[in-house]
């Protein structure tokens, strides 16, 4: 399938603003509302309203799906739902949510999202564990996007763990 590292965002490859968690563990990050954390000089993301179908592909309205997670009203009950909510956070550039749902031992100091990247679809390829009865789980997925008019996709097999009762993203398994 080629070198996936070329398609992996800079922050995930350890380039750009990824500095790792501060000494002594990462600080608790305050809750943010939808689209906070986007600098004013970056282009706007696709309009997502409370009644817009959620971009994670669930078919539910955004407010009843990932919007509740992004706004701190609900927590993802499974690893897959967390992964879907994180995908939607990339769609709307909610870096605060992405950082809050990242395990403190692997959380970067910040995220530098590519403003020209538009996430266009999500495919869940498989899951292991990750239910309300598990403490660990994986989600294998392909996220589709366009960048400078070129359609592409990113494959990842993500690991999730429960931290203080909440699902958080730990890391990505290396390609097989």
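What's the exposure ranking of 122, 147, going from fewest to most Cβ atoms within 10 Å?
147, 122
Can you tell me how the range 101-162 classifies by the Cα gyration tensor, rounded, prolate or oblate, using a/c under 1.5 as the rounded cut?
oblate
Taking the Cβ of each residue in 119, 167 as the centre, tally the other Cβ atoms inside 10 Å and list the residues starting with the fewest.
119, 167
Length gain on complete extension for the stretch residue 164 to residue 47, per 0.36 nm per residue less the alpha carbon to alpha carbon distance?
Additional length available on full extension: 38.8 nm.
Hey, rough spin-label estimate for residue 154 and residue 128, points 7 angstrom out along Cα→Cβ, what's it come to in nanometres?
Simple spin-label model gives 2.3 nm for this pair.
Ranking 160, 141, 90 by Cβ neighbours within 10 Å, fewest first, what do you get?
141, 90, 160
Taking only the alpha carbons of the range 69-176, what extent do you get along each of the three principal axes, in Å, biggest first?
42, 30, 24
Kindly provide the pair-distance distribution of the range 71-124 built from C-alpha pairs, with 10 Å bins from 0 and whole-percent values in order of increasing distance.
21, 54, 25, 0
Coordinate-derived values only; no laboratory data. Please read all numbers here as calculations on a predicted model, not as lab measurements. Note: ideal-geometry Cβ built from the backbone for every residue, glycine included; neighbour counts use all protein chains shown.
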